[in-house]
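**Student:** After the structure tokens below, expect a handful of questions from me.
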Amino acid sequence: MTEESKDHGGRAAARRRRKPAKRRKALAVAAWSAAGVVLLGGAGLGFFYFKLNGNLKTVDIDQALGTDRPQNVDNGSMDILVLGSDSRGGANGEYGQDDGGSARSDTAMIIHLYEGHEKASVVSIPRDTMIPRPSCATSGGKTDPGGQRTQFNEAFTVGGAACAVKTVEKMSGIRMDHYIEVDFTGFKKIIDNLGGVEVTTTKPIKDGSSHLDLAAGTNKLNGEQALGLVRTRKSVGDGSDLGRIQLQQAFIKALIKQVKGIGLFDNPKKLFDIADSATKAITTDKPLGDVKSLMGFAQGLQGIDAQDMQMITLPVTTDPRDPNRVAPLTKETKMVWDALLADRPIPAEATVNSAGDKSAAGSIVQ
């Protein structure tokens, strides 16, 4: 991962799809990115431009992957891979044993912005989905050969952002226009600077692993509690990652509503604090790696409300070789990718047989 900034930032946005782009970073990230970053859009950052610009970290996906990518089709849409990384190093050590800097993408979402950027589809990929993984360069300068049966979130561990993008592009046939990664600590600070996020739970949630203890009813979550919610797994639904994904998606919608309802433009200090936290929390692909490019990108997202987002989990079923893993439903998954490639809504029949569509966890948070 390299720190680079300001390099033909508008070029990737101009290409726009032209198709293609804690524990468990559960990023609901979709919105944090979309929300945290959206907070930058439309804001007069002026004097603070260089400070915010210096916060950003980037990775050069284009250079890492070269020409081994899907065709860049121009149909006015855009695809963004959003990952939540779960490294236990540094400030994130409180969420588990220090892992020496290694990480997994335990939250992964493809955000598809339709032509005109007034609607979006979000496809969450379960971390324990068993898939073929392509060969990837590793941080040690070697090449990992990949394999026909690998767990999805290992791609990020093996080869970082570039391998995660390459894996998603191979499985979907869709070129990612952009990449955004969010970390644990940064997520908490964004939520705290927002003043918390209000969610309503239909039943109590108490999860020892995520340290979350919520009564049924309306709760205003601070950063620590929000992180606990998007990490919660064993105490909701069937206790699998599929239930956690539904909690994440429900939280994203609540977060978007919260952002829309805050008068940030009337409070310059709060606006700057959020922008400062957001730019420190994320790592982007190189074309998004400066404030000007992020602002342009964010301005294109501001018209999307929670009701404008179709959110699904990749259609999966229990893996026939391991009951603790899931495998994509071939026919239904193809429906999803074909719809996004054609810039069409994902058909309802794509998820009707999916294990991810049957969990009751999403109904717990409203």
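Every read-out reported here was derived from the displayed coordinates using simple, explicitly stated rules and does not represent laboratory data. A quick note: this is a predicted structure, and the numbers were derived from the prediction, not measured. Please note: Cβ atoms are built from the backbone with ideal geometry, for glycine as well, and neighbour counts cover all protein chains shown.
**Student:** Which entries in 203/253; 51/119; 170/234; 170/292 show an alpha-carbon gap greater than 21 Å? Let's see the in-between values first.
**Tutor:** Numbers: 203/253 19 Å; 51/119 32 Å; 170/234 31 Å; 170/292 31 Å.
Correct reply: 51/119; 170/234; 170/292.
**Student:** Which whole-Hz couplings ³J(HN,Hα) result when phi for each residue of segment 225-231 is put into the Karplus expression 6.51 cos²θ - 1.76 cosθ + 1.60, θ = phi - 60°, listed in order with x for Gly and Pro?
**Tutor:** Once θ is set to phi - 60°, the couplings for segment 225-231 become 5, 5, 5, x, 5, 6, 9 Hz.
**Student:** For a protection proxy built on the mean count of beta-carbon atoms within 10 angstrom, sort 304-310, 173-179 highest first, please. Display every interim value, and only then the final one.
**Tutor:** Values: 304-310: 15.6, 173-179: 24.4.
Order by mean packing, descending: 173-179, 304-310.
**Student:** Test of the criteria: in segment 247-343, which trypsin sites (Lys or Arg not before Pro) are in a DSSP loop and have at most 10 other Cβ atoms within 10 angstrom of their Cβ?
**Tutor:** Details: sites: 253, 257, 260, 269, 270, 280, 292, 321, 325, 331, 334; in loops: 321.
Within segment 247-343, the qualifying trypsin sites (Lys or Arg not before Pro) (loop, at most 10 other Cβ atoms within 10 Å) are 321.
**Student:** Right, here's the next one. Under 17 Å from a label point 7 Å along Cα→Cβ of residue 68: give me every residue in segment 131-151 with its amide N that close.
**Tutor:** Residues 132-150 fall inside that zone.
**Student:** Shape of segment 268-366 from its Cα gyration tensor (a ≥ b ≥ c, root eigenvalues): rounded if a/c is under 1.5, otherwise prolate when a/b > b/c, or oblate?
**Tutor:** Numbers: a/c = 2.16, a/b = 1.96, b/c = 1.10.
Judged from the Cα gyration tensor, segment 268-366 comes out prolate (a/c at least 1.5, a/b above b/c).
**Student:** Also, quick follow-up: Once you have the alpha carbon radius of gyration of segment 113-205, what is it after dividing by 2.2 N^0.38 Å, with N set to its residue count?
**Tutor:** In units of the globular-protein estimate, segment 113-205 measures up at 1.40.
**Student:** 5 Å is the cut-off here: which amide hydrogens, built 1.01 Å from N in the peptide plane, fall below it relative to residue 351, excluding neighbours closer than 5 in sequence?
**Tutor:** Distant-sequence amide H within range of residue 351: zero hits.
**Student:** I'd like the FRET efficiency for residue 330 and residue 198, computed as 1/(1 + (r/R0)^6) with the beta carbon distance as r and R0 of 41 Å, rounded to 0.05.
**Tutor:** On the way: r = 40 Å, r/R0 = 0.98.
It comes to 0.55.
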